[in-house]
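The values are calculated or read from the model by the stated rules, or taken from the named source; none is laboratory data. This is a predicted model, so every value here is computed, not measured. Counting neighbours? That spans all protein chains shown, and the Cβs are built from the backbone with ideal geometry, glycine included.
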Amino acid sequence: MLILAIESSCDETAAAVVRMSDEERTILSNIVASQVEIHALYGGVVPEIASRAHIEAISPCVDRAVSEAGITLNDIDAVAVTYSPGLIGCLLVGVNFAKALAFSLGVPLIPVDHIRSHTAAAYFTDPELCAPFLSLVVSGGHTSLYNVPEPWVYEEIGSTRDDAAGEAFDKVGRVMGLTYPGGAAMDALAGEGLAARASGKRGESERIKFPSPAINDDTFDYSFSGLKTAAVNHIHNLRQKAGLSDKAPIDRGEMAEIACAFTRSVVDGICKKLALAIEKTGAERLVLAGGVAANSHLRNGVKKLCEKKGVKLYMPPLSLCGDNGAMVGAQGYFEYISGARAGTDLNAYASGEGAEAAKAVQRN
Ligand code: KG4
Ligand code: ZN
């Protein structure tokens with residue numbers, strides 16, 4: 001079936017056309033209009049500006065997705081849309097657009113959870129991926145581990161108790177003076193740090209040690225705020241000792257060393273809880289997804305862990321780790337199979353819990 005999918009939960013307006021069936025998972029088009037340059041001016045996403053930018057971008061995005069797929073709107077079998085979680089004003093733009101489109105075409109409207117869709121991006125590179133599996137979604141807003149017994153059933157078994165991993169990457173990057181969002185630049189800097197260590201320039205051993213984000217108990221939970229604060233304090237102290245002002249640039253080698261130590265803590269902490277989850281659940285398959293799953297060091301670390309544990313690892317390609325429409329279409333297909341349909345009264349929910357609560361009210 002041909003699904004037109006819409007995503008507008010944060011700062012990317014996205015539309016895609018995907019062809020999905022039992023045998024096929026094909027992306028016919030995948031258009032992303034990023035607002036990142038606008039929000040970079042403010043050092044983070046400004047919700048009001050983001051909603052307005054979605055309003056401007058959504059129609060051209062959908063038009064392009066349809067024309068690049070080489071189809072017409074009348075060929076569409078269903079419209080899938082992200083309805084939760086995310087910035088409420090942003091979600092409402094996508095939801096309203098999708099509702100009007102589905103209603104005017106007379107096709108089903110499928111509500112899709114954003115976190116689930118990040119996982120579903122893995123179906124495109126690994127069509128054989130099948131439930132049950134574990135999925136760790138690491139993004140700017142979430143760091144959650146799910147047990148997925150069916151492609152449309154997500155049981156959260158672990159999560160961050162405060163900040164998300166991506167949020168911590170972006171904050172530390174910002175304090176170092178990197179442009180928002182700093183995740184990808186931190187990745188590259190950590191690579192420079194590793195190379196400097198390997199060449200002996202900075203010595204083999206680690207000078208900086210940051211706390212682990214893995215909670216020291218037998219849950220699968222994380223806490224990134226302590227790690228984030230430790231890194232931020234380290235950078236402030238460095239500037240103070242050098243008599244520099246708050247925003248003064250710091251030595252590139254020093255930045256690389258910090259990025260390296262920070263990334264090491266993130267990767268080790270994530271892997272520690274993943275190892276525990278694999279042992280406790282006996283999982284044989286693991287998906288690593290979300291914007292931060294684009295991090296090369298995290299990909300390597302989780303890959304090594306899975307090889308050691310004999311677990312098959314699925315990771316979306318870098319191009320599908322960030323927010324996009326194709327992943328919404330992929331999850332939309334499975335939601336459709338499970339019977340999920342929305343009416344013109346579909347609402348948007350800022351949190352996943354809000355969406356669950358609304359569903360419970362509907363059932364009562
Ligand atoms: O999943 P996503 O596109 O949006 C949300 O749903 O939040 O994730 C965005 C996050 C940002 O925090 C960004 O800095 C981070 O993903 N990110 C990375 C990398 N690429 C993107 N973090 C670390 N390393 C990367 N290579
Ligand atoms: Zn996302």
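Exactly one residue out of Gly269, Gly253 is within 16 Å of ligand 1 (Cβ to nearest atom), within 20 Å of Gly191 (Cα to Cα) and assigned to a helix (DSSP H, G or I): that is Gly269.
Taking the stretch 163-177 as the range and being under 16 Å from the mean Cα position of the chain (by Cα) and more than 10 Å from ligand 1 (Cβ to nearest atom) as the test, only Asp163 passes.
Only residues that are over 13 Å from the mean Cα position of the chain (by Cα) and of a type in the set (A, V, I, L, M, F, W, C) were counted across the stretch 287-340, and they come to 11.
Residues checked against (1) more than 16 Å from ligand 2 (Cβ to nearest atom); (2) without any contact (Cβ under 8 Å) to a residue 24 or more places away in the chain; (3) not in a loop (DSSP other than H, G, I, E, B):
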{"position": "Thr119", "(1), (2), (3)": "no, no, yes"}
{"position": "Tyr123", "(1), (2), (3)": "yes, no, yes"}
{"position": "Ala131", "(1), (2), (3)": "yes, yes, no"}
{"position": "Val148", "(1), (2), (3)": "yes, no, yes"}
{"position": "Ala168", "(1), (2), (3)": "no, no, yes"}
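Scanning the stretch 304-327 for residues that are acidic (Asp, Glu) and within 16 Å of ligand 1 (Cβ to nearest atom) yields a single hit, Asp323.
Considering only residues in the stretch 1-50 that are of a type in the set (Ser, Thr, Tyr) and under 19 Å from the mean Cα position of the chain (by Cα), the one that is surrounded by the most Cβ atoms within 10 Å (Cβ to Cβ) turns out to be Ser8. Scan the stretch 276-334 for residues that are within 16 Å of ligand 2 (Cβ to nearest atom) and not in a helix (DSSP H, G or I) and the total you get is 12.
Close contacts from the stretch 90-117, counting a first residue that is touching a residue at least 60 places away in the same chain (Cβ under 8 Å) and over 14 Å from Ala340 (Cα atoms) and a second that is among the hydroxyl-bearing types (Ser, Thr, Tyr) and away from ligand 2 (no atom under 16 Å from the Cβ), with Cβ to Cβ under 8 Å and a gap of 6+ residues or different chains, come to Cys90/Ser51; Leu92/Ser51; Val93/Ser51; Phe97/Ser59; Lys99/Thr344; Phe103/Thr344.
When you scan the stretch 1-32, how many residues do you find that are within 15 Å of ligand 2 (Cβ to nearest atom) and aliphatic (A, V, I, L, M)?
Within the stretch 1-32, residues that are within 15 Å of ligand 2 (Cβ to nearest atom) and aliphatic (A, V, I, L, M) number 5.
With respect to the stated conditions, Asn295 is at pLDDT 95 or above and buried (at least 24 other Cβ atoms within 10 Å of the Cβ).
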